[in-house]
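All remarks here apply to the structure that follows.
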Amino acid sequence: MRNQENQIEPAITKVVETANWILRDGAKILSVRSHGRDRFYLPGGKINPGETARDAIQREISEELGVNLIPGTIRTLGTFAGQGHHQPDGTIVRMTCFTAYYTGELAPSGEIAELRWLTPRERDLMAPMGQKITAALFDI
């Protein structure tokens, strides 16, 4: 397959399904960085076999940030797909993104080393899919 620049694109060899939380505070978006990683990601993670995206987002956010999403407020925002960061060529990450209110105090836990509220101008600190979603959310 060729893209718009007439370059050959790698074949899709694997699709990784994830559930991710979009939490905005005005012109900032909550982002997290895992231990040993150099880029920020949208909170969330892989959907386990037999698990729904809604179940996965609740589990992942509790594990990563120590808060609980309020079930009645969880809304699907959209699904975004693209080449996975630090993944072999052809590995597509399909991110089902949710918004939701939460209870508790946000704090990095488990695999998360740092959380940060990033502005659209700071999106270069994010992995490519986070950059893509941030650009779409802030219409830039």
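The values are calculated or read from the model by the stated rules, or taken from the named source; none is laboratory data. In this text the structure is predicted, and so the values were computed from the model without any measurement. Here the Cβ is made from the backbone with ideal geometry for all residues, glycine too, and neighbour counts use every protein chain on show. With ligands, DNA and RNA removed, areas are computed over all heavy atoms of the protein, side chains included. Shrake-Rupley method; radii C 1.70, N 1.55, O 1.52, S 1.80 Å.
Of note:
- With DNA, RNA and ligands ignored, accessible area of residue 93 (1.4 Å probe; Å², nearest 10): 20 Å²
- Sum of side-chain charges, residue 28 neighbourhood, beta-carbon under 13 Å (Lys, Arg +1; Asp, Glu -1): +2
- Taking Cβ atoms as reference points and 11 Å as the exclusive limit, the residues near residue 59 contribute a net charge of -3, counting Lys and Arg as +1 and Asp and Glu as -1.
- What region 67-120 shows is 53 Å² of accessible area per residue, with the surface traced by a 1.4 Å probe over protein heavy atoms.
- Taking Cα centre as origin and charging only the Cβ of basic (Lys, Arg, +1) and acidic (Asp, Glu, -1) residues, the dipole magnitude of the chain rounds to 220 debye.
- Extending 7 Å from the Cα toward the beta-carbon at both residue 111 and residue 135 defines two label points whose distance is 2.6 nm.
- Cβ-defined net charge surrounding residue 99, 10 Å radius [Lys, Arg +1; Asp, Glu -1]: +2
- Of 85, 35, the residue with the largest accessible area leads and the full order is 35, 85 (1.4 Å probe).
- Extension gain for residue 99 to residue 70 (0.36 nm times residue separation, less C-alpha to C-alpha distance): 9.4 nm.
- Mean ellipticity per residue at 222 nm, deg cm²/dmol - from DSSP H runs of n ≥ 4 across the chain, formula -39500 (n - 2.57): -5000 deg cm²/dmol
- With all protein chains in place and a 1.4 Å probe, the accessible surface of the chain carries 49 percent carbon and sulfur.
- Within the chain, DSSP assigns beta bridges of which about 70% are antiparallel (rounded to the nearest 5).
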